[in-house]
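J.: One structure is given below, represented as structure tokens, and several questions about it will come after.
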Amino acid sequence: MSENYKIAVIGSGPSGMSAGGRAAERGVSHVVLERSDHLSDTIYKYQKGKHVMATPEVLPLRSSMTFGAAKRETVLETWNKEAQGHKVNVRFNAQVTGITGAKGRFDILINNKETITAESIVMAIGLQGNLRKLEIEGADWDRVQYQLDDPEEYEDERIVVVGAGDAGIENAIALAKQNRVVIINRQGEFARVKDANKALIEAAIEKGEIECFYSATPARLTPGALVLDVPQGQATVQCDRIIARLGAIPPRAFVERAGIVFPSKSQEALPELSPQYESNVPGLYVIGALGGYPLIKQAMNQGYEVIEFILGNNIKPADEPLLERKFGALLQRYTVDQVIDLFREKVPLLSGLTALQLREFLIDGTVHLKAPGEIVFERNDYTTSLYMIVEGNVNVHVDPNDFSVVRSLKAGQFFGELGMIAGRRRTASITAADQCLLIESPARTMIKLINSVESVRRAVNDEGMARQIRAYLSHEIKEADLAGLIKGADRRSFKAETVFFNEGDESDGVYLITQGSITVSRNVAGKNIVLAYVPAGHYVGEMGVVGNAPRDATIRAAIDSKAIFIPKPAFLDLIEKLPSLRRRMEEEWLRRLAHKAKMTARPEAGSIIQFLIEQGAGEATDMLLIDESLCIRCNNCEIACAETHGGTSRLDREAGPTVANVHVPTSCRHCEDPHCMTECPPDAIHRSPNGEVFIDSTCIGCGNCERNCPYGVIHMAEKEPAKPGLLSWMLFGMGSGPGQDKARKKDKKDGSEGPKLAVKCDMCKDQKSGPACVASCPTGAAFRVSPEAFFSGHLTR
Amino acid sequence: MQESVLVYRNFLYLKVSAAAAGASLFAYVWHTPLGQPNGGTWLGYTLGVVSLGIVIWLAWYGIRKRRYGVGRARLEDWLSAHVYLGLALVVIATLHAGFQVGWNVHTLAYVLMLLVIASGAFGIYTYVRIPGLITANRAGLTLEQIMALIAELHEDCRKVAVTLGDEINELVQRSAEESHIGGNVWQQLSGRDPLCPTAEALVRVRAIARDLPQAQSENGRKLVLLLARQSELLGQARRDVRFKALIDVWLFVHVPMTLALLAALAAHVVSVFFYW
Ligand SMILES: Cc1cc2nc3c(=O)[nH]c(=O)nc-3n(C[C@H](O)[C@H](O)[C@H](O)COP(=O)(O)OP(=O)(O)OC[C@H]3O[C@@H](n4cnc5c(N)ncnc54)[C@H](O)[C@@H]3O)c2cc1C
Ligand code: HEM
Ligand code: HEM
Ligand code: SF4
Ligand code: SF4
Ligand code: SF4
């Protein structure tokens, strides 16, 4: 007879543990199944001494367990004590490997061996997934490990690191200080890793500090010897220890096997849940990070609530105060639930959402009441949020030269999707036509929604294409012609460095670049010479179409890009109907011809473009460059950055490559679609209207952004103590001067560090002087430019 | 690509400074004082006060440079103006003094001023000339990388040298331990080390390697190659240090002389009020 419980909770992270705590408190028969041998594995694995943050502050905590900002150790200790105090029934080392059955009687398979049953299941397994294991003969050797906590622990061992991703490389390098390290790379080179890591590992291999097997896969293992399949056959490596860093298997497959349906294949998709956190499988509940709530406090609240819901007690969610703050003045007329209903009724885009999705959506969003004439956003702003009109009308000022030319949008419609998709400047200004009520949603939430709700995706895509065609070609295109264009057009995606079309190909149509950027290159005397760089928001390929000639240049995606393709006949037809477009196109054509001639004569300019594209110019909106023919290496730029940013410089001048006197220091590129933003639990990274990507004060120091930035520009830093004034330093030698190392606060009793938070270049958005690095460069060597401006201005002057 | 301090804003500050110097010259020629032109006439006073104002403003640059995130102008504006106004002082202050020089505190101030200006002029020359040389000399490496390469080559040399007998061993050992970069100001500025143990080892090892037995000749050649490469890198590093030193060294005249100048000017002003 197997064990039977009313509620089985899978996972003992903040959400699962809180659910267990509430179940224990309510005296319900329950079990919490945890695959590791301790509570809350995700938090257990935070770096030692990490300061755990309790954001969002306004959200009250509702749980049987306590939680507040504290050191990792304190948080874990509190939870351990409280779990014991409440007599929570936790089973450690119990990995759930399968779920079958239905509400009332689920069969839960543990470690592929044992089965227990439960009436309801709460799935709280987070997003960390399972570490991928070595699946070869002998992999159960006790010296195979999948994590490296402290590299200093090992000395004079021969260690094999399997896996050549960032984690593997970082481990190998750390271990090589005291050990003989061999790294096993499945590929022939180090691809898809950070530049800094690639440089480090290649240098270490070159020097012989680390040995590397390329194109090698582990075949079998006996204690002390790993056999590899290599291109020449097989090789045997002696080893005292194996560290396998093979990445994690996302939990999604496991969740799907339990019957839970995800609305789309996209990585960002979340399972659809009822307001009670119940999935499409009745009796199977999903909470915490897996359900799309990435913070500890939220996860704990849901743990509490889900138990209440299962017990039939329909309590109000704890995020109510957050929504109350959001809705502000609206609450004079409505209750929170009424506002939510109103939104769903008035905005078709939101009508397909469940109440839970809508709540979550609104917590991330902002509600605006705008007076007639008030500006929502302006042309050339860099904001990427999407707006929905609940009540009232807005004016879209489509003509850059004439503010009075407007197109109007009414309640139920949305706007701002062009900027959201392209990550580029706004293409039009928007003002309120009358009193209006708008919902603003950050790009990240919106993209999650697009990937989770099919109806939203379709609406944004279809409506979006019409607007993109108008914005990028001509606002004068008539409704009727537009429909025809859309029918013939299709969306195409291009991976970085793939070719749209080659020089000499037949000209079959025109591409409107909606996302990413491209380079235009030509074969001149046997050499591929880059002539131009074209970012999203422009068209390419019109020359051959209009001139009825083959392609006269090759178009290549500089980064992953998307485009709308309009076939030749449809395009020619359009030009026929719109003489003004034809004229503009001819004009642009002539301009491009002149530019082409200039660039062909200066091949070195082309190689600088190529070089900068490799350095991220394809996605940058603003780069710090240094003209080395002027730079006197005084470091005043770095000192200025440190002095205006609490003592930690956000730029590293010396690092970074140089071509033809153009030096690219390590400094933020302010990417159009910032990599750092993708996995920030509190959504602390933003894009300001001027384009600066910055981190606000809600950062919890998780380090995801540091890992995700391909240019290595984000650091985790403790706040530096303040300094005395400049004059006291100069005249009386007090404290430390500009750029000098400050005496760290060493006198803290427990030796603990303060919270380490992410710091990065914010383009000095709060400094009157503009970027301090540039303003403080005595020689004018340092400058910040957008790639477009650089390629069309600086480079050819 | 970018504009240097000298051509900045289409020579705006050159034009301003030239106008100031021109106006002073015009006034000086037009003005017919009683007796010798000198600092004591109303024009003399005016030009003196203007000169002093400029000097103080120029000296303020040292502070302004370190006040980060303050003010809207770029530091490049300040430096461009600093350079040209500083040069204009040669004209303005000379006219103020009415070409009267002698062995007194007034002339001391004047000479100090000329020293500051001359060192500044040298400085701006290095600013324009050297950066490109640094880039070319480094050939894509940072100084740190060059040093790391040298350290690595030392290791490699040592490994090869152990197979080649005591004399070579000692030479290589010495080259590893005693080759250095930088040193005192003069050594930095020379950019060379005539007694470089690595260069010496290279010469001697080449001589010895000729006569090595067959079995060792392969390693002998290897060592010569390694030492030659190391010698090159040392030269590269020393040149880098030399360039940086050239960019910095004149400030050791410019700044102390500025302080001396301010003191002398204080004395000058006090003395003309009391003893005139
Ligand atoms: C480095 C880092 C720092 C962070 N810092 C903060 C912070 O300061 N403040 C904050 O609010 N949030 C922070 N977060 C986010 C926070 O960690 C998560 O929001 C939170 O852990 C989510 O809780 P959860 O219960 O949903 O999932 P998790 O905490 O991930 O818990 C899932 C648990 O389920 C177990 N499990 C998984 N699969 C199975 C299975 N098949 N069978 C049995 N058990 C299983 C796991 O071992 C784990 O213990 C941080 C995240 C990271 C990565
Ligand atoms: C950069 C600043 C200055 C320099 C380099 C400078 C230099 C000189 C020199 C070389 C002389 C000639 C001395 C001589 O006659 O032997 C002189 C004279 C004089 N200066 Fe200046 N001076 C400066 C500023 C000033 C200022 C600010 C004042 C007044 C407040 C001033 C007042 C005078 C007077 C009154 C004389 C005439 C003294 C005499 O004829 O004996 N000077 N100065
Ligand atoms: C009386 C005249 C001058 C005075 C009092 C003066 C004073 C100063 C001071 C105080 C500094 C700051 C040094 C530091 O802290 O780093 C400085 C820097 C400098 N000065 Fe002058 N200066 C004068 C004239 C000139 C002239 C005529 C030139 C050039 C032709 C010049 C070129 C420079 C340069 C290139 C710097 C370095 C800028 C930098 O690296 O930030 N100076 N000067
Ligand atoms: S800003 Fe970076 S470190 Fe801070 S919470 Fe976001 S991803 Fe984590
Ligand atoms: S723009 Fe400001 S924050 Fe960014 S690197 Fe320059 S000084 Fe630092
Ligand atoms: S402040 Fe200007 S001159 Fe000085 S190191 Fe930076 S870029 Fe070079």
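J.: So which aspartates and glutamates can A:Lys577 reach, going by Cα to Cα under 12 Å and dropping same-chain residues fewer than 8 places off?
T.: A:Glu476, A:Asp481
J.: What is the gain in length, in nm to one decimal, between B:Trp60 and B:Ala139 on full extension, counting 0.36 nm per residue of separation less the C-alpha to C-alpha distance?
T.: Computed gain between B:Trp60 and B:Ala139 is 24.7 nm.
J.: Mind checking the mean number of beta-carbon atoms from other chains within 10 Å of the Cβ atoms in A:622-629?
T.: Average per residue, whole number: 4.
J.: Could you calculate the FRET efficiency of B:Ala19 with B:Val253 from 1/(1 + (r/R0)^6), where r is the beta carbon distance between them and R0 is 22 Å, rounded to 0.05? Kindly include the intermediate steps, with their values, before the conclusion.
T.: On the way: r = 29 Å, r/R0 = 1.32.
Given R0 = 22 Å and the Cβ-Cβ separation, E is 0.15.
J.: How would the stretch A:473-612 be classified by its alpha-carbon gyration tensor: rounded, prolate or oblate, with rounded meaning a/c under 1.5 and the a/b versus b/c comparison settling the rest?
T.: Numbers: a/c = 2.05, a/b = 1.58, b/c = 1.29.
Prolate.
J.: For a 32 Å ceiling on Cα separation, which of these pairs sit above it: A:Lys133/A:Lys177; A:Lys71/A:Lys265; A:Lys50/A:Lys194; A:Lys265/A:Lys478; A:Lys198/A:Lys598; A:Lys133/A:Lys316?
T.: Beyond 32 Å: A:Lys71/A:Lys265; A:Lys265/A:Lys478; A:Lys198/A:Lys598; A:Lys133/A:Lys316.
J.: If you count, for each residue, the other Cβ atoms within 10 Å and average over each peptide, how do B:229-235, A:495-501 line up from highest to lowest?
T.: Going from most to least packed, we get B:229-235, A:495-501.
J.: Which peptide among A:622-630, A:402-410 comes first, and what is the full order, when sorted by highest mean count of other Cβ atoms within 10 Å?
T.: Descending mean neighbour count gives A:622-630, A:402-410.
J.: Can you give the calculated 222 nm mean residue ellipticity of the protein assembly as shown, where each DSSP H run of n ≥ 4 adds -39,500 (n - 2.57) and the sum is split over every residue, rounded to the nearest 500 deg cm²/dmol?
T.: For the protein assembly as shown, the value works out to -13000 deg cm²/dmol.
J.: If you count, for each residue, the other Cβ atoms within 10 Å and average over each peptide, how do A:199-206, A:553-560 line up from highest to lowest?
T.: A:553-560, A:199-206
J.: Also, quick follow-up: Across peptide A:769-778, what mean number of C-beta atoms from other chains lies inside 10 Å of a residue's C-beta? Intermediate values should be presented prior to the final figure.
T.: Working: counts 9, 3, 2, 4, 1, 3, 10, 10, 5, 11.
Counting other chains' Cβ atoms within 10 Å and averaging over A:769-778 gives 6.
J.: Work through the residues other than B:Leu225 whose Cβ is under 12 Å from its Cβ and net out their charges, Lys, Arg +1 and Asp, Glu -1.
T.: For residues surrounding B:Leu225, the net value is +1.
J.: For the stretch B:201-222 and the stretch A:138-171, what is the separation of their C-alpha centers, rounded to whole Å?
T.: 43
J.: Sticking with this one: What distance in nm lies between label points placed 7 Å from Cα along the C-beta direction at B:Met147 and B:Arg206?
T.: So the two model labels end up 2.9 nm from each other.
J.: Rounded to the nearest 0.05, what FRET efficiency is calculated for A:Leu342 and A:Thr66 with R0 set to 25 Å and r the Cβ-Cβ distance?
T.: On the way: r = 37 Å, r/R0 = 1.47.
The value I calculate is 0.10.
J.: If you add up the charges near A:Asp552, with Lys and Arg at +1 and Asp and Glu at -1, over every other residue whose beta carbon is less than 13 angstrom from its beta carbon, what do you get?
T.: 0
J.: Provide the net charge surrounding A:Gly27, with neighbours chosen by a C-beta distance below 11 Å and charges set as Lys +1, Arg +1, Asp -1, Glu -1.
T.: That sum, taken over residues with Cβ under 11 Å, equals +3.
J.: Related question: What is the calculated FRET efficiency for B:Ala266 to A:Asp560, with r their C-beta to C-beta distance and R₀ = 41 Å, to the nearest 0.05?
T.: Between B:Ala266 and A:Asp560 the formula returns 0.05.
J.: Can you give the extra length, in nm with one decimal, that the chain gains between A:Gln147 and A:Glu308 once fully stretched, where that is 0.36 nm per residue apart less the Cα-Cα distance?
T.: Fully extending the segment from A:Gln147 to A:Glu308 adds 54.2 nm.
J.: What is the distance, in nm, between label points placed 7 Å from the Cα along the Cα-to-Cβ direction at A:Glu157 and at A:Gln128?
T.: 2.1
J.: Report the Cα centroid-to-centroid distance between the stretch A:554-571 and the stretch A:607-663 in angstrom, as an integer.
T.: Spelled out, the Cα-based centre of one part sits 32 Å from the other.
J.: Starting from the Cα of A:Glu137, step 7 Å along the direction of its Cβ; do the same at A:Thr97; then give the gap between the two resulting points in nm.
T.: If labels sit at A:Glu137 and A:Thr97, their model points lie 2.1 nm apart.
J.: If you take each beta carbon of peptide B:122-134 and count the beta carbons of other chains within 10 angstrom, what is the mean? Numbers along the way, then the final one.
T.: Numbers: counts 0, 1, 1, 0, 1, 7, 4, 0, 4, 11, 6, 1, 5.
Other-chain Cβ atoms within 10 Å of each residue's Cβ, averaged: 3.
J.: Which of A:Leu356, A:Ile242, B:Phe274 sits farthest toward the positive end of the charge dipole of the protein assembly as shown, with +1 on the Cβ of Lys and Arg and -1 on the Cβ of Asp and Glu?
T.: The Cα lying farthest towards the positive end belongs to B:Phe274.
J.: Also, I was wondering about something else. Checking the cross-link filter: which aspartates and glutamates have an alpha carbon closer than 15 Å to that of B:Lys65, excluding same-chain neighbours under 8 positions apart?
T.: Straight-distance partners of B:Lys65: A:Glu638, A:Glu643, B:Glu76, B:Asp77.
J.: Pull out the extension gain between A:Arg220 and A:Glu506, defined as 0.36 nm times the separation in residues minus the alpha carbon to alpha carbon distance; nm, one decimal.
T.: So the chain would gain 97.7 nm between A:Arg220 and A:Glu506.
J.: Give the residues of the stretch B:41-76 whose amide nitrogen is closer than 16 Å to a point set 7 Å from the Cα of B:Leu12 in the direction of its Cβ.
T.: B:71-76
Bear in mind that the values in this text are calculations on the coordinates, not laboratory data. Here the structure is a predicted model, which means the values were calculated and not measured. Note that each Cβ is placed from the backbone with ideal geometry, even for glycine, and that neighbours are counted across all protein chains shown.
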